[in-house]
Amino acid sequence: MFKLALLGQPQLELDGEPVDIRSRKGLALLCYLAAGQRAYSRSWLAGLFWAEKSEAQARRNLRVALTHLRRAVGDYVDADRTSVAFAWRRDHWLDIAQLRAALHQTPEAARAAAALVRGPFLQDLPVPDAPAFEIWLLGEREHYRTLARELLLSLLEHDLAAGQHAEGLEAARRLVALDPWQEDAQRWLIRFLALNGQQAAALSQFERCRQILAEELGVAPAAETVALAEAVRAGELRPAAPVPPAAPLRERPHNLPVPATSFVGRERELSQVRHLLGEESCRLLTLLGPGGVGKSRLALETAR
């Protein structure tokens with residue numbers, strides 16, 4: 001089995017042995033293929049990674065990179081005369097796939113997926129003279145940061161309702177590590193520190209939050225954050241009585257039509273729609289596009 005961990009510094013393992021790809025562009029090319037879930041034309045890949053070269057030289061560089069990749073990972077790179085793809089039908093494990101799937105699974109599966117996030121997507125993988133790849137990389141980092149944040153927020157809500165304060169504290173620490181400048185993440189950590197009986201640590205975290213906001217953003221904590229700290233200081237924050245966790249969304253009653261076919265892909269669009277609907281200022285969201293592009297199906301899947 002080929003294992004690719006891309007949430008953090010890339011880690012590759014083939015049949016239990018680490019795979020070392022010394023070329024940064026070769027490693028970036030492999031990760032791009034694995035994350036893309038589709039075949040790419042050779043001309044596209046040549047331009048993506050060697051834009052500063054002539055087309056002939058870029059294609060030669062691509063051929064060399066593919067030769068080295070095939071030596072390192074064998075048939076997991078599927079290439080013909082016109083296109084290149086990651087061999088998805090071969091036995092493999094991919095952490096970003098686990099993260100995407102966990103959004104629709106049990107809290108236990110979500111917790112396991114959250115633990116896979118070691119840092120930003122493809123952390124510390126600069127690729128020189130490849131501006132188009134860098135633009136793609138920035139977009140993917142934000143995409144998977146948003147997915148991880150959504151997953152952790154759902155876990156925190158579950159843990160608070162279920163009275164699982166130790167688990168909630170772990171999830172809150174992960175959320176702050178992911179989003180240290182987001183005040184809601186800081187509030188979750190302050191709350192769960194207090195619920196775990198660590199009032200002094202909760203107040204210390206509030207002061208750290210105040211310092212981060214002042215130094216990085218030039219703002220003071222919001223009234224909600226100050227009120228939370230005051231509640232901790234006054235000893236008013238008490239563990240709530242455990243209640244049964246909410247049923248997974250797919251088990252809740254609804255009147256949505258049963259789809260005739262399975263819904264494949266479009267995780268980014270689903271995440272974007274759910275994120276926008278979660279904004280307090282968003283009271284109506286309209287999906288626009290040509291007829292037959294899948295607007296209704298995307299809306300139904302979001303509702304589901």
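The values are calculated or read from the model by the stated rules, or taken from the named source; none is laboratory data. Computed from a prediction, not measured in an experiment: that's the story for all the values here. All Cβ positions, glycine included, derive from the backbone under ideal geometry; neighbour counts span all protein chains shown. The area values use the complete protein model at the heavy-atom level, side chains included, leaving out ligands, DNA and RNA. Shrake-Rupley method; radii C 1.70, N 1.55, O 1.52, S 1.80 Å.
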Of the conditions (1) surrounded by 10 or more Cβ atoms within 10 Å (Cβ to Cβ); (2) at pLDDT below 70, Cys282 satisfies every one except a single condition; which number is it?
(2)
Would a scan of segment 233-245 turn up a residue that is at pLDDT 85 or above, open to solvent by less than 60 Å² (accessible area, probe 1.4 Å) and more than 23 Å from Arg145 (Cα to Cα)?
yes
Taking segment 29-47 and keeping residues under 11 Å from Val84 (Cβ atoms) and either in contact with a strand residue (DSSP E or B) (Cβ under 8 Å, 6 or more places away or on another chain) or of a type in the set (Ser, Thr, Tyr) (or both) leaves Leu30, Tyr32, Leu33, Gly36, Arg38, Ala39, Tyr40, Ser41, Arg42, Ser43, Leu45
Can you work out which of the residues in segment 204-222 that are within 13 Å of Ala185 (Cα to Cα) and among the aliphatic types (A, V, I, L, M) is least open to solvent (accessible area, probe 1.4 Å)?
Leu213
Within segment 285-304, considering residues that are hydrophobic (A, V, I, L, M, F, W, C) and assigned to a helix (DSSP H, G or I), the one surrounded by the most Cβ atoms within 10 Å (Cβ to Cβ):
Leu298
When you go through Ala130, Ala148, Ala185 one by one, which is the residue that is open to solvent by less than 30 Å² (accessible area, probe 1.4 Å), on the phi < 0 side of the Ramachandran plot and touching a strand residue (DSSP E or B) at 6+ places or on another chain (Cβ under 9 Å)?
Ala148
Residue pairs within 7 Å by beta carbon, gap of at least six or interchain, first lying in segment 282-303 and within 11 Å of Arg266 (Cβ to Cβ), second open to solvent by 60 Å² or more (accessible area, probe 1.4 Å), listed first then second, are Leu298/Arg266; Leu298/Glu269; Thr302/Arg274
